[in-house]
Amino acid sequence: MRKVYHLFIILSVLLTCVGCKDKASIKRISHLGDTPYQQDSILVVYATNPKRALRLLDSALLLGNISDYRGQFIRAKIYSKSLMEQQQDSAILICKALLNHDSVRNEPTEQANILDMLIATARAKYDNEAYLRWATQKAELCQQQGEETERWRTEADIGLVMTNLGQEDEGLAKLDEAISHLDSPGSIDRMDAFVVACKRKINALNGLQRYNEVIPLGQRILDRLDHFESHIKDYAEDSYRLSWSERPSDRDRYLDFSRAQAWGFMATAYSHTKNPPKGEESRYLSLAKKYLSLFDNSGYGKTFSARRMIAPSQMALGMYDEALVTYDELERRMAADTLNEDYAIILRSRAIAACEKKNYAEAYYYQTRNADLSKILSDSLIKGKAHDYAARYHAQEQQLEIQEKQAEAKRSHIISLAVAAIALLAVAFAVYFFRQKRIVSEKNRVLVRLINEQQMPESAQPVPADSSEPSIFNDIDQKIRNEHLYKNVNLQRQDVCDRFGISRHNLNDLLAEHADGLSFPQYINSIRLEEALHLLRDEPTKTISAIAAEVGFTPANLREQFKRKYGVTPGEYRQNL
């Protein structure tokens, strides 16, 4: 075995020298929890510095901190936010490939997340046909899964794109229908969907230049966010895409982002209203500056996407220097990719700013460039551009294929010499693999035996009631178990408090005293896991998915929680009984 190991080292060095960079030869570095090469860090960075986020992503993939699938997902997310059409097209190609990934086909939530990116990219590219196609596909998926809140969130997207396609009355009616279905408190997810639906209608109204109608919608968003912040306990913690039970900082970021966008919409509406009510002109101007100030001082207001959003309002308020700074950054982000409507807007805005500053030569220069670009962006030339992109894409594919063949030719003579060594290495790996498999199997059998002997960790067992004074906690625990209250996936701490007539504070004290300080979700999950353990052992014909649903888990959550607590997955436990 030692000789095989030495042979493997020699072969690795040899292959490295000729440029074979197989990911399998990269050693996984452990204990990287304090490094920036993590998924959360990357997603935070990309809002302000997409290039650095891509570098962090490459490093995370190299170190093994992120799976290939998750890496592609994050890369598509970053590309979908880009102003460069090439990166937007790359995001679409990646998303289409991810939809066919094995881990996505049977996961409706993952499918919905990928469709969200395709919808956002189509919206950014002003590709209304693709926008409508992806939004319709997602709405159908949500309806099949019974996700009504997410369905109406997506129906709002469909209403927006119908408005963009000229079906103004039908599109606005669909937007109003979506807002009406979502206009009630009750869950975090419904609140977020309501905010999104209002934003989609605001986008539609901005496109129609009906700014007066934007103002009440923006205020509705702010009112709903204020209501949530004042009545957090009335909003269900479990939701489709948002859950802040463990990380309240996420809630604060969400509120900052949503409020800032609403302020931005209000600033835009007040600054762009052409005919405010008589005598209200100064008040409209004052309110526009007020909301712009609130937007600028928010956390979200400092991000690049926020500056891009607010630039038209800066122009409308005569803040030309601030707007030009934003447009400079936009041009740096676009690089050479300037054959698009965004760049035409920049040129037109630069011409307006130069004219207001009485720099007429510069205004003429930018206006001429805008006119030339507008001609290029006519419908017939856009089709030609699409064919050109396709040709460039195929040419790039051919060039990559040529380079790959050249590299293969350089490696061929080395590969021929290494065939025998690879065969020996394959045998060694096979021996190692089966040995490891046997060790893991034995370990799992031992774990299953210990689990069956112990039945359930001591921390999850209720403390026996005192003989002279019955324990309130025992009563609560027995009823949760005997009446199967834990099967309710939406079971909240307040539900138990209301049922037994105790305060949240008293319940927390009981958990701290009798359940080793477990939080309420942890305590309920321990009961669910105990019941799942019995079902896995005593009902071998019942599927794991059915067991998960019976105890109040999704299959994925059951697998994660079971593995974390017992050291084996539900399938491994059942297999080794």
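All told, Ser103 meets the bar of being under 21 Å from the mean Cα position of the chain (by Cα), at negative phi, open to solvent by 30 Å² or more (accessible area, probe 1.4 Å) and among the hydroxyl-bearing types (Ser, Thr, Tyr).
Is it true that Ile221 is of a type in the set (Val, Ile, Thr), within 26 Å of Thr109 (Cβ to Cβ) and open to solvent by 50 Å² or more (accessible area, probe 1.4 Å)? Criteria not met by Ile221.
Condition check ((1) open to solvent by 50 Å² or more (accessible area, probe 1.4 Å); (2) in contact with a Gly (Cβ under 9 Å, 6 or more places away or on another chain); (3) within 18 Å of Lys125 (Cβ to Cβ); (4) without any contact (Cβ under 8 Å) to a residue 60 or more places away in the chain) across all residues:
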{"position": "Leu324", "(1), (2), (3), (4)": "no, no, no, yes"}
{"position": "Glu329", "(1), (2), (3), (4)": "yes, no, no, yes"}
{"position": "Ile345", "(1), (2), (3), (4)": "yes, no, yes, yes"}
{"position": "Asn359", "(1), (2), (3), (4)": "yes, no, no, yes"}
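When the test is whether a residue is open to solvent by less than 70 Å² (accessible area, probe 1.4 Å), touching a Cys at 6+ places or on another chain (Cβ under 7 Å) and either at pLDDT 85 or above or not in a loop (DSSP other than H, G, I, E, B) (or both), Leu507 passes it. Being more than 18 Å from Lys201 (Cβ to Cβ) and free of Cβ contacts under 8 Å to residues at least 60 places away in the same chain is a condition met by no residue of the stretch 153-164.
Considering the stretch 309-329, the residues that are among the small types (Gly, Ala, Ser) and in a helix (DSSP H, G or I) include one that is nearest to the chain's Cα centre (by Cα), namely Ala311. Just to be sure before I move on: is Glu469 modelled with pLDDT under 75, of a type in the set (D, E, K, R) and within 17 Å of Glu531 (Cα to Cα) in the structure I sent? So Glu469 does not fit the description; no. Every listed requirement among (1) buried (at least 19 other Cβ atoms within 10 Å of the Cβ); (2) of a type in the set (Ser, Thr, Tyr); (3) touching a Phe, Trp or Tyr at 6+ places or on another chain (Cβ under 8 Å) is met by Tyr486 save one, (3).
Would you call Ile502 touching a residue at least 24 places away in the same chain (Cβ under 8 Å), β-branched (Val, Ile, Thr) and in a loop (DSSP other than H, G, I, E, B)? It is true that Ile502 is touching a residue at least 24 places away in the same chain (Cβ under 8 Å), β-branched (Val, Ile, Thr) and in a loop (DSSP other than H, G, I, E, B). Which one of Ser298, Ser305, Ser313, Ser293 is in contact with a Ser or Thr (Cβ under 7 Å, 6 or more places away or on another chain) and either surrounded by fewer than 19 Cβ atoms within 10 Å (Cβ to Cβ) or hydroxyl-bearing (Ser, Thr, Tyr) (or both)? Exactly one of Ser298, Ser305, Ser313, Ser293 is in contact with a Ser or Thr (Cβ under 7 Å, 6 or more places away or on another chain) and either surrounded by fewer than 19 Cβ atoms within 10 Å (Cβ to Cβ) or hydroxyl-bearing (Ser, Thr, Tyr) (or both), namely Ser313.
If only residues of the stretch 512-556 that are loosely packed, with under 15 Cβ neighbours inside 10 Å and among the polar types (S, T, N, Q) are counted, the one that is farthest from the chain's Cα centre (by Cα) is Thr541.
Taken over the stretch 146-164, the criterion of being open to solvent by less than 10 Å² (accessible area, probe 1.4 Å) and among the aliphatic types (A, V, I, L, M) is satisfied by Ala156, Leu160, Val161. Looking at (1) in a loop (DSSP other than H, G, I, E, B); (2) at pLDDT 85 or above; (3) not aliphatic (A, V, I, L, M), find the lone condition where Gly517 falls short. Checking Gly517 against (1) in a loop (DSSP other than H, G, I, E, B); (2) at pLDDT 85 or above; (3) not aliphatic (A, V, I, L, M), the one that fails is (2).
Scanning the stretch 165-190 for residues that are under 22 Å from the mean Cα position of the chain (by Cα) and surrounded by fewer than 21 Cβ atoms within 10 Å (Cβ to Cβ) turns up just one, Ser187. Which ranges mark the helices (runs of 4 or more DSSP H) fully within the stretch 533-577 that have 3 or more residues being of a type in the set (A, V, I, L, M, F, W, C) and at pLDDT 85 or above? In the stretch 533-577, the matching helices (runs of 4 or more DSSP H) lie at 544-551, 555-566. Just one of the numbered conditions (1) under 25 Å from Lys138 (Cα atoms); (2) crowded, with 16+ Cβ neighbours inside 10 Å; (3) of a type outside the set (Lys, Arg) is not true of Leu63: (1).
Among Ser271, Ser245, Ser258, Ser230, which is open to solvent by 30 Å² or more (accessible area, probe 1.4 Å), of a type in the set (Ser, Thr, Tyr) and modelled with pLDDT of 80 or more? Going through Ser271, Ser245, Ser258, Ser230 in turn, just one is open to solvent by 30 Å² or more (accessible area, probe 1.4 Å), of a type in the set (Ser, Thr, Tyr) and modelled with pLDDT of 80 or more: Ser230. Taking the numbered list (1) of a type outside the set (Asp, Glu); (2) closer than 19 Å to Lys199 by Cβ; (3) at pLDDT below 90 in turn, Leu160 passes all entries but (3).
Quick check: is even one residue across the stretch 76-83 without any contact (Cβ under 8 Å) to a residue 60 or more places away in the chain, surrounded by 15 or more Cβ atoms within 10 Å (Cβ to Cβ) and basic (Lys, Arg)? Yes, there is a match, as at least one residue in the stretch 76-83 is without any contact (Cβ under 8 Å) to a residue 60 or more places away in the chain, surrounded by 15 or more Cβ atoms within 10 Å (Cβ to Cβ) and basic (Lys, Arg). Considering Ile92, Ile42, the condition of being within 28 Å of Arg333 (Cα to Cα), in contact with a helix residue (DSSP H, G or I) (Cβ under 8 Å, 6 or more places away or on another chain) and at pLDDT 80 or above is satisfied by Ile92 alone.
For Tyr364, the criteria (1) surrounded by fewer than 18 Cβ atoms within 10 Å (Cβ to Cβ); (2) free of Cβ contacts under 8 Å to residues at least 60 places away in the same chain; (3) closer than 28 Å to Ser258 by Cβ; (4) not hydrophobic (A, V, I, L, M, F, W, C) hold in every case but one, which is (3).
Conditions (1) over 27 Å from Arg210 (Cβ atoms); (2) modelled with pLDDT of 90 or more; (3) surrounded by 14 or more Cβ atoms within 10 Å (Cβ to Cβ), marked per residue:
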residue	(1), (2), (3)
Ser239	yes, no, yes
Asp252	yes, no, no
Gly264	no, yes, yes
Lys278	no, no, no
Tyr284	no, yes, yes
Met309	no, no, yes
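The values are calculated or read from the model by the stated rules, or taken from the named source; none is laboratory data. Predicted, not measured: the structure shown is a model, and the values here were computed from it. FYI the Cβ positions are ideal-geometry reconstructions off the backbone, even for glycines, and counts take in every protein chain you see. Note: areas computed on protein heavy atoms with side chains; ligands, DNA, RNA excluded. Shrake-Rupley method; radii C 1.70, N 1.55, O 1.52, S 1.80 Å.
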